[in-house]
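Beneath this line is the structure, given in structure tokens, with notes to follow.
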Amino acid sequence: MHWKTKKTHGHRPQRAGAAAVEFAVVAPMFVAILLGTIEACSMIFLRQTTEMAAFEAARVSIVTQSTTAQVETAAKAVLDTRKVKDYTVSITPKDFQNAPYGTFVRVEVRVPCEKNSLIPSLFYKSKEIVGSVDMMKEY
């Protein structure tokens, strides 16, 4: 007798609960993969945001008579628009305003992953994303 034609008490096939069992086994794995994909995309977006913020801040830093506040404001504009939390912006050299033409200025933006994660995760605990850009000082 073939399994599809074999009937039980109420004329139901023996595999009546098989779909529910298969779903119960597969659903948690599917949800884990889905959440992992969303979180990975979120971290890629955060990485691009830090790089963009560092780039915009570096553009301001190489202009003559720019200030530390102006550089930080340029980075802040990008980071705040994308709702990034607890970031730090650093500029090297510290006295970039008085640096001669041809000096490279580095702007570095550091963002903690844990505080900017969509899903609380042990994987990103105590990790940070760093975006940095070097540009040559103009006139």
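Among Val21, Val111, Val31, the largest mean-square fluctuation in a Gaussian network model of the chain (Cα springs under 10 Å) belongs to Val21. Going down the list Lys76/Lys125; Lys85/Lys125; Lys83/Lys137; Lys94/Lys127, which pairs span over 18 Å between their C-alpha atoms? Cα-Cα > 18 Å for Lys76/Lys125; Lys83/Lys137; Lys94/Lys127; rest within.
Counting only protein heavy atoms and a probe of 1.4 Å, the accessible surface of the chain is 63% carbon and sulfur. Loop-located chymotrypsin sites (Phe, Trp or Tyr not before Pro) in segment 56-132 (DSSP state other than H, G, I, E, B) with a sparse environment of at most 10 neighbouring Cβ atoms within 10 Å: Tyr101. Angle of helix 18-61 to the longest C-alpha principal axis of the chain, folded into 0 to 90 degrees and rounded to 10: 10°. Taking 0.36 nm per residue of sequence separation and removing the Cα-Cα distance, the Arg106/Phe45 pair yields an extension gain of 19.8 nm.
Among Ser126, Ser117, Ser90, which one moves the most in a GNM of the chain with springs linking Cα atoms closer than 10 Å? Evaluated over the chain, the most mobile residue of the options is Ser126.
For the pair Asp80 and Ser126 in one chain, pulling the backbone fully straight at 0.36 nm per residue adds 14.4 nm over the alpha carbon distance. In the full protein context, the chain carries 68 Å² of accessible surface per residue, based on a 1.4 Å probe and ignoring ligands, DNA and RNA. If you build a Gaussian network model of the chain, linking Cα atoms that sit under 10 Å apart, which residue out of Leu34, Leu122, Leu79 swings the most? Highest fluctuation among the options: Leu122.
For the chain, the square roots a ≥ b ≥ c of the C-alpha gyration tensor eigenvalues yield an a/c of 1.5 or more together with a/b exceeding b/c, which makes the shape prolate. Counting heavy atoms of the protein chains alone, Arg110 has an accessible area of about 80 Å² for a 1.4 Å probe. Between helix 68-81 and the chain there is an angle of about 20 degrees, using the helix long axis and the longest principal axis of the Cα atoms.
A simple spin-label model places pseudo-atoms 7 Å from Cα toward Cβ; at Gln70 and Met29 they are separated by 5.8 nm.
The values are calculated or read from the model by the stated rules, or taken from the named source; none is laboratory data. These figures come from a predicted structure and were not determined experimentally. Glycine gets a Cβ as well: all are built from the backbone with ideal geometry, and neighbour counts include every protein chain shown. For accessibility, only protein heavy atoms count, side chains too; no ligands or nucleic acids. Shrake-Rupley method; radii C 1.70, N 1.55, O 1.52, S 1.80 Å.
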